[in-house]
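Reading through the structure tokens given below for one structure.
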Amino acid sequence: MKHSQILLAHGSGGSMMHDLIQELFLPAFDNPFLRQANDQALIDNPGGRIAFTTDSYVVQPVIFPGGSIGELAVHGTINDLAVGGARPLGLSVGMILEEGLDMALLEDIVGRMKNASEEAGVPIVTGDTKVVERGSCDKIFINTSGIGIVPGGIDIDGKNARPGDAVLISGSIGDHGVAVMSERRGVQFSTPVVSDTQPLHQLVKSMFSVTHSIHVMRDPTRGGIATTLNEIAGQSRVGIEIDEEALPISPEVTGACDLLGLDPLYLANEGKLIAIVPEAQADGVLEAMRGRPEGAGACRIGRVVEDRPGIVRMRTGIGGTRIVNVLSGEMLPRIC
Amino acid sequence: MSVLHQFRDSTRAQAIIERIRGRSTGDISIMEFCGGHTVAIFRSGIRTVMPEHVRMLSGPGCPVCVTSNGDLDRAVALAKTPGVILTTYGDMLKVPGSRESLMQVRAQGYQVEIVYSTLDALKLAAAHPDREVVFFAIGFETTAPAAAAAVLQAQAKGVRNFSICSVMKLTIPGAKALLAMGEVKVDGVIGPGHVSSIIGSDAWRFLPEEYDIPVAISGFEPLDLLAATDAIMQMHEEKRPALVNSYSRVVRPEGNRKAWGAVERVFSLAEASWRGFGSIPESGLVLREEFSDFNADLRFDVTVEDSTEHPACRCGEVLRGVLTPPECSVFGTACTPESPLGPCMVSSEGSCAAYYHYQRQMA
Ligand code: SF4
């Protein structure tokens, strides 16, 4: 690129914006839909219900161990489609850039998005860029929306958990949250914890190859598995019981959480899903999950119960019981 | 197996729980004096595995909670003083003062900043030479060394715009005041881990020696707490009260002399006002005269009057172990972590918050 920094003119609709699109975005995200070069992308409808989702990404720092805002923006929206049982068809990308943004950083992020989209096989089919005055945003904000198709016979809904169902998770928890928090607080660990950001649609596909009767699926991002499980317990009006000993948490995440005063139950994950399935199907689904790299660490963490609807409980390591509440306010570190 | 996991090992926990269940102590009340222990006990579900005759009580171990409204009102007034940036720990912000909380003061446009340590406040002072940075210092013996270090650093560097409003307190006079009141029966004490790492386990010898109360210093892992509880029950059973240090991997008999030495150099003892207890002589840390330049109470002329607490709030009794949070008539209804009436529901180490988060509907 000619300029080493983003200037307001890069978003003005004039020739500099044209150059930015022609020289950076189009070559990176190139695909037949984008090449249509219209105000909208036209995509064939292969049949089924349409799933549509959107999310904005404002993570700070924009680059962190294991990923960046770019991968998050691609994976996050793919995952929101996937956990609804949808096959993702395409994504839109809206970028808000701060005047003065380092061009090399933007190129890096765009390159990461290109790789993420290619690896996932989900094209970026349309996009938009705006530049705002210095101080009006923090380096770069990205919005992605996505559409997908939900095949017939699939009914995934937060309301569908039934007493007796098994609660499964696709792998270890807390990695993304620790990766970002440690970077933000400038803490370095001898074995750095890296973000788990990854797309989950292929994992979901292999789960559906075992059974269509998956009751609930969610990706426990912001608020962590505690928040997600509480949402499900509330929507389905059931109790959920999880086993502390069964929770997959890496020793590095445990250590970092102890040091930083964080609770892995509330930390964001960006490449994990929780599935609630009938007990009879649980082993089969687990086996399918473990057959994919994204689900290699899949395990059973608890069960849906009838009593105390709306409440998530935990069997603690020592055999006691406690509530797993929703988070109130920010997570604050210990002072004593 | 990692060191951490070792201390969370469930088979070992089961073995200790079995031992506890087998002990013939009769009714026994065990109190912890540390907010960190309160939270750890609730989080790990220890209360739910105790036999019925074992009562676990929480004492005045939460530093945010024992801060009196008079002291908090003073911080509010300091925050409203022109030119001042008031800094303190995050948990303090939501505590309702007599008229308003620091959070509300901040919403009115005054500058109140959350810091993680006194040294962060000192850094803020360096970054804002045109402002007066005041640190509202709450906490027990654990936070005092950092406060002392910050004052010494500020003095060495000649920082002129940094001062602290110290309402720091000492745990031992607090514990003695509670026992002197005689309102609750305490058969054993779980001694605080972090506090004792500073003042030393020997500081707790007065419990067995003067009060015949067994004490076990404990760490924060479930196994630490179970082992300490079991040790207390054994001493009670054998009628041989003593001091046991179940946290010797961190706590030494003499404590951390260097850290405490710095505290003694910078601070002297003074009467302090505790929520639920009133004034306790020689229970607070105030800056020595030679550090008057850093004493916010001397640098700014703030007086507060008519400090009151919410009439429905019973934090005082909760802190004295006389009342359990669910016995407060507004617990979980008018008072929740989102709209707290008292500090015990706000602080991450408060008993009401711990009950609310971990055991609310377990009964
Ligand atoms: S429940 Fe609320 S009002 Fe009652 S004692 Fe606790 S903090 Fe005070």
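Table for the structure above
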item: Solvent-accessible area per residue, Å², over the range B:5-157 with all protein chains present [probe radius 1.4 Å]; result: 35
item: Where labels lie 7 Å past Cα in the beta-carbon direction, separation of A:D39 and B:E18 in nm; result: 7.6
item: Using alpha-carbon coordinates, inclination of helix A:103-120 to the longest axis of chain A, degrees; result: 50
item: DSSP-defined beta bridges in the protein assembly as shown - what % are antiparallel, rounded to 5; result: 55
item: Buried on assembly, the range A:311-327 (at least 20 Å² less accessible surface than by itself, 1.4 Å probe); result: A:I311, A:T316, A:G317, A:I318, A:G320, A:T321, A:R322, A:I323, A:N325
item: Computed accessible area, B:D306, all protein chains, 1.4 angstrom probe, square angstrom; result: 120
item: FRET E, pair B:R99, B:R131, Förster distance 30 Å, beta-carbon r, rounded to 0.05; result: 0.75
item: Computed [θ] at 222 nm, deg cm²/dmol, chain A (DSSP H ≥ 4; -39,500 (n - 2.57); rounded to nearest 500); result: -8500 deg cm²/dmol
item: For chain A: relative contact order, % (alpha-carbon pairs under 8 angstrom, 6 or more apart); result: 21
item: Cα gyration tensor category, rounded, prolate or oblate, for the protein assembly as shown with a/c compared to 1.5; result: oblate
item: Exposure ranking of A:H3, A:H212 by accessible area [1.4 Å probe, largest first]; result: A:H212, A:H3
item: Cut-off 13 Å between beta-carbons: net charge of the residues surrounding A:A256, Lys and Arg +1, Asp and Glu -1; result: -3
item: From phi via Karplus (6.51, -1.76, 1.60), per-residue ³J(HN,Hα) for the range A:241-249 in Hz, x at Gly/Pro; result: 10, 10, 9, 4, 5, 7, 5, x, 10
item: Positive minus negative residues near B:F331 (Lys, Arg vs Asp, Glu; Cβ under 11 Å); result: +1
item: Of all accessible heavy-atom area on the protein assembly as shown, the percent that carbon and sulfur account for (1.4 Å); result: 50
item: Accessible area in square angstrom per residue, the range A:166-323, 1.4 angstrom probe; result: 36
item: Spatially proximal lysines relative to A:K159 (Cα-Cα < 29 Å; intrachain offsets below 8 disregarded); result: A:K205, A:K272
item: Average accessible area per residue (Å²) across the range A:8-150 - probe 1.4 Å, nucleic acids and ligands excluded; result: 44
item: Cross-link table A:K2/A:K114; A:K139/B:K80; B:K185/B:K258; B:K123/B:K258; B:K94/B:K123, entries beyond 32 Å C-alpha to C-alpha; result: A:K139/B:K80; B:K185/B:K258
item: Solvent-accessible area buried by pairing B with A, both sides, nearest 100 square angstrom, 1.4 angstrom probe; result: 2700
item: For chain B, built as a Gaussian network whose Cα springs stay under 10 Å, the top-fluctuating residue of B:P311, B:P82, B:P214; result: B:P311
item: Net charge over other residues, Cβ less than 14 angstrom from the Cβ of A:S136 (K, R count +1; D, E count -1); result: -1
item: Interface residues in the range B:26-54 - accessible area drops by 50 Å² or more relative to the isolated chain, probe 1.4 Å; result: B:R43
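The values are calculated or read from the model by the stated rules, or taken from the named source; none is laboratory data. These numbers were taken from a predicted model, which means no experiment stands behind them. Cβ: placed from backbone, ideal geometry, glycine included. Neighbour counts: every protein chain shown. Surface accessibility is based on the protein's heavy atoms, side chains included, excluding ligands, DNA and RNA. Shrake-Rupley method; radii C 1.70, N 1.55, O 1.52, S 1.80 Å.
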